[in-house]
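Participant: The structure follows.
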Amino acid sequence: MGAPLVVQRDRTILLDVDHPLAREMRDRLATFAELEQSLQHIHLYRLTRLSLWNAAASGIRADSIVAMLAAHSRYEVPPEVADWIRETMARYGRLALRREGEHLLLQADDPELLGRLARSRALQPFLRERRADGALVVEPGCRGLLKQRLRQLGYPPTDLAGYLPGAPLAISLRAYSRSGRKLVLRPYQEAAATAFLREGPHGGSGVIVLPCGAGKTIVGLAIMAHLRTQTLILCPHATAVHQWRQELLDKTTLEAGEIAEYTGETKGIAPVTLATYQILIHRAASDAQPSNGFPHLALFDERDWGLIIYDEVHLLPAPMFRITAQLQARRRLGLTATLVREDGRQGDVFSLVGPKVYEAPWKELEAQGWLAQAECLEVRVTVPDALRLDHARARTNHVRSRLAAENRQKEVVVRELVRRHGGDRTLIIGRYLAQLRAIAEALGAPLVSGRTPVAEREQLYGAFRRGEVPVLVVSNVANYALDLPEANVAIQVSGTYGSRQEEAQRLGRILRPKPDGRPARFYTLVSQGTAEQEYAARRQRFLVEQGYRYTILSEDALWSDEAFPVVSGC
């Protein structure tokens, strides 16, 4: 058998999935390349500037990447590709932002490069003058915008301008949580916090990527306890705000009066303030309101914040990028299970929040026992003739997608899966409320959606945790900040097109290790031969990136006691 990789002139890399070294190669490629296609026997990765700059930010050297590719490529690595890798990674850090007294300076390792940039029209709005020593004086409020523009020009700078310390805050992690459990950071949690806090150009701001259920919040608390500064925590929705508050009270020395929530329901401000993205970008009825129609942006000036935490940073709304560009003097921590953004703005996360400073592969944590073993199955559901005709006649992708997603035959499959998993805690997750109501009614199970009052949600979640409600039907509210560690089966009946973000979050709902060691089962129901099947292939890319593999079953296999239990490992 030949080598597992083929490096092509267009900067793509083919990985032979059936090769004995495929898993090792996948893990190494993930550190500096992006997965584009996952075919049955071949995975296709692409080298991009952003993937290489993230690698450079994490300390990986260009020569080590070239050497790895040369050692495992079936054919010679094209010289132009090797040269491009070295040249691209060498650009990272050629420029540096530094603070000198009251001045913010842009410096370079090459005066000629700095001279070219000084003449660039794209940078003129951000620069004041060029000093006699060659350094460029930067407009004080343009630190983030300049970093963003320099990345676009192909020269991402190293930010050495430092951070404001922020107002002090007495906070420590407890030895034992208030709930009585001994609190010890897991090795990867310690490594993640250390990577963020390290000295030098890459410390103090950046993104930590950990699977759902791996304890990203604990990492955030550990960083807060080390910095001991007033902190603003931004969350995707109110449920996440409440969960952060519970974790802060349970695991740190903070008292209730030191934590405030700033949401649509309440507008509190304290040394640690929890706010939603939505409230911050809520527009006022009149542009006469402050902050260009965003009245709540004054929150950023209410306290001397020393740290800003972006929970689920991959969901950062577009207006928040502009706000974040103005916050470069504050330490910034992004937490996420995946840096994938369907709008392609990963580069702005890199420039404005920071590079990826730590990532732990999902399968590696599974092997260490920190995540449950997961079996991933795609069930191809038959499509009735009438629906297939409607699907063929539909004029838009949106209509075709919805018709396929709401295939009523899926209800039959769901009932069979729930029957087979009678002793399990099962989540049925979907996008369309009409479909979910029909399934909930057929099963006699409760439905939780965005319209369910918070108090009722919590009652249902509590009943599920206690086993009083073994099956729960949930809408997209399950995508984020749903803490149901007892769940070990998830049935995905519909989703948001080919969103890998959503796939990561939904799989994460069932990955908490179970006391009896039972594996988790993640089912995706796909209408066979429809647009939904194509979208499923896109979502599957995320699972492949993390080392999982689908087993694809026909609907008929569910009724075969011999075929159904045979499940290949993910």
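Every number in this text was worked out from the coordinates using simple rules, so none of it is lab data. Model, not experiment: these values are computed from the prediction. Note that we place each Cβ from the backbone using ideal geometry, even for glycine, and neighbour counts take in every protein chain shown.
Participant: Based on the Cβ-Cβ distance from residue 282 to residue 326, what FRET efficiency comes out when R0 is 22 Å, to the nearest 0.05?
Facilitator: My answer for the efficiency is 0.75.
Participant: Between residue 557 and residue 246, 0.36 nm times their residue separation minus their Cα-Cα distance comes to what?
Facilitator: Working: separation 311, 0.36 × 311 = 111.96 nm, distance 4.38 nm.
Between residue 557 and residue 246, full extension yields an extra 107.6 nm.
Participant: Could you sort the peptides 13-24, 526-537, 233-244, 365-376 by per-residue average Cβ neighbour count (10 Å cutoff), highest mean leading? Each step should come with its number before you reach the end.
Facilitator: Values: 13-24: 16.6, 526-537: 20.2, 233-244: 21.7, 365-376: 18.7.
Result, highest mean Cβ count within 10 Å first: 233-244, 526-537, 365-376, 13-24.
Participant: Pull out a ≥ b ≥ c, the square roots of the eigenvalues of the alpha-carbon gyration tensor of the stretch 481-547, then state rounded if a/c is under 1.5, prolate if not and a/b is larger than b/c, and oblate in the remaining case.
Facilitator: Because a/c hits 1.5 or more and a/b exceeds b/c, the stretch 481-547 counts as prolate.
Participant: I'd like the distance between the alpha-carbon centres of the stretch 65-87 and the stretch 397-420, rounded to an integer number of Å.
Facilitator: 46
Participant: Report for the chain the percent antiparallel among DSSP-assigned beta bridges with both residues inside it, nearest 5.
Facilitator: Details: 28 of 84 bridges.
Once the DSSP bridges in the chain are tallied, antiparallel ones form about 35 percent.
Participant: Applying a 10 Å radius around every beta-carbon, put 505-516, 207-218, 70-81 in order of their mean neighbour count, most first.
Facilitator: In descending order of packing, they fall as 207-218, 505-516, 70-81.
Participant: Sorted from largest down, what three extents in whole angstroms do the Cα atoms of the stretch 41-197 have along their principal axes?
Facilitator: Reported extents, whole Å, longest axis first: 62, 55, 23.
Participant: Rounded, prolate or oblate: which fits the stretch 296-400, taking a ≥ b ≥ c as square roots of the Cα gyration tensor eigenvalues, rounded meaning a/c under 1.5, else prolate when a/b beats b/c?
Facilitator: In terms of gyration-tensor shape, oblate.
Participant: Along the stretch 294-303, what does the Karplus equation 6.51 cos²θ - 1.76 cosθ + 1.60 (θ = phi - 60°) give for ³J(HN,Hα), rounded to whole Hz, x for Gly and Pro?
Facilitator: Running phi through 6.51 cos²θ - 1.76 cosθ + 1.60 with θ = phi - 60° gives 10, x, 8, 5, 4, 4, 5, 9, 6, 9 Hz.
Participant: What is the set of long-range amide H partners of residue 128 at a cut-off below 5 Å, with H atoms built 1.01 Å from backbone N?
Facilitator: Under 5 Å from the amide H of residue 128 lie the amide H atoms of 137, 138, 139, each far enough along the sequence or on another chain.
Participant: Go ahead and run the numbers for FRET between residue 468 and residue 49, Cβ-Cβ distance against an R0 of 51 Å, rounding to 0.05.
Facilitator: Efficiency for this residue pair is about 0.45.
Participant: Considering the options 101, 542, 20, tell which one lies farthest towards the positive end of the dipole of the chain, charges being +1 on Lys and Arg and -1 on Asp and Glu at the Cβ, about the Cα centre.
Facilitator: 101
Participant: Return the whole-Å distance between the Cα centroid of the stretch 179-255 and the Cα centroid of the stretch 445-480.
Facilitator: Cα centres, the stretch 179-255 to the stretch 445-480: 26 Å.
Participant: Please enumerate, by chain and number, the aspartates and glutamates with C-alpha under 18 Å from the C-alpha of residue 514, excluding those fewer than 8 residues away in the same chain.
Facilitator: The reachable aspartates and glutamates, counting only those whose Cα sits under 18 Å from residue 514, are 364, 366, 375, 424, 468, 483, 486.
Participant: What is the gain in length, in nm to one decimal, between residue 368 and residue 174 on full extension, counting 0.36 nm per residue of separation less the C-alpha to C-alpha distance?
Facilitator: Fully extending the segment from residue 368 to residue 174 adds 67.3 nm.
Participant: Just to verify a number: FRET efficiency for residue 120 and residue 100, C-beta to C-beta distance, R0 = 30 Å, to 0.05?
Facilitator: 0.85
Participant: Now for a different question. Excluding same-chain residues fewer than 8 positions from residue 216, which lysines have a Cα within less than 18 Å of its Cα?
Facilitator: In chain and number order, the partners are 182, 251, 356, 363.
Participant: Please work out the ratio of the alpha-carbon Rg of the stretch 41-105 to 2.2 N^0.38 Å and round it to two decimals.
Facilitator: It is 1.47.
Participant: Give the long-range amide H neighbours of residue 360: residues separated by 5 or more places, or on another chain, with amide H under 5 Å away, using H modelled in the peptide plane at 1.01 Å from N.
Facilitator: Placed amide hydrogens put 209 under 5 Å from residue 360.
Participant: If you don't mind, there's one more thing I want to ask. Got a sec to turn the phi values of the stretch 366-375 into Karplus ³J(HN,Hα) couplings, 6.51 cos²θ - 1.76 cosθ + 1.60 with θ = phi - 60°, whole Hz, x for Gly and Pro?
Facilitator: Here the 3J(HN,Hα) series is 5, 5, 8, x, 7, 10, 5, 5, 10, 10 Hz.
Participant: Further question: Given N residues in the chain, what is its alpha carbon radius of gyration divided by 2.2 N^0.38 Å?
Facilitator: 1.02
Participant: Please compute one quarter of the surface area of the Cα convex hull for the stretch 338-460 and express it in square nanometres.
Facilitator: Over all viewing directions, the stretch 338-460 projects a mean Cα-hull area of 12.2 nm².
Participant: On each of the three principal axes of the Cα atoms of the stretch 404-507, give max minus min coordinate, whole Å, ordered largest first.
Facilitator: Projected onto its principal axes, the Cα set of the stretch 404-507 covers 34, 28, 23 Å.
Participant: What 222 nm value per residue comes from the helices of the chain, counting each DSSP H run with n ≥ 4 as -39,500 (n - 2.57) and dividing by all residues, nearest 500 deg cm²/dmol? Spell out each step's value before the answer.
Facilitator: On the way: 21 runs with 201 residues, N = 570.
Value at 222 nm, helices only: -10000 deg cm²/dmol.
Participant: While we're on this one: Hey, can you grab everything whose amide H is under 5 Å from the amide H of residue 373? Only 5+ residues off in sequence or another chain; H modelled, so Pro and N-termini drop out.
Facilitator: Close amide H contacts, sequence-distant or interchain: 520.
Participant: What value does the stretch 172-260 have for Rg/Rh, both radii from Cα atoms and Rh as Kirkwood defines it?
Facilitator: Expressed as Rg/Rh, it is 0.94.
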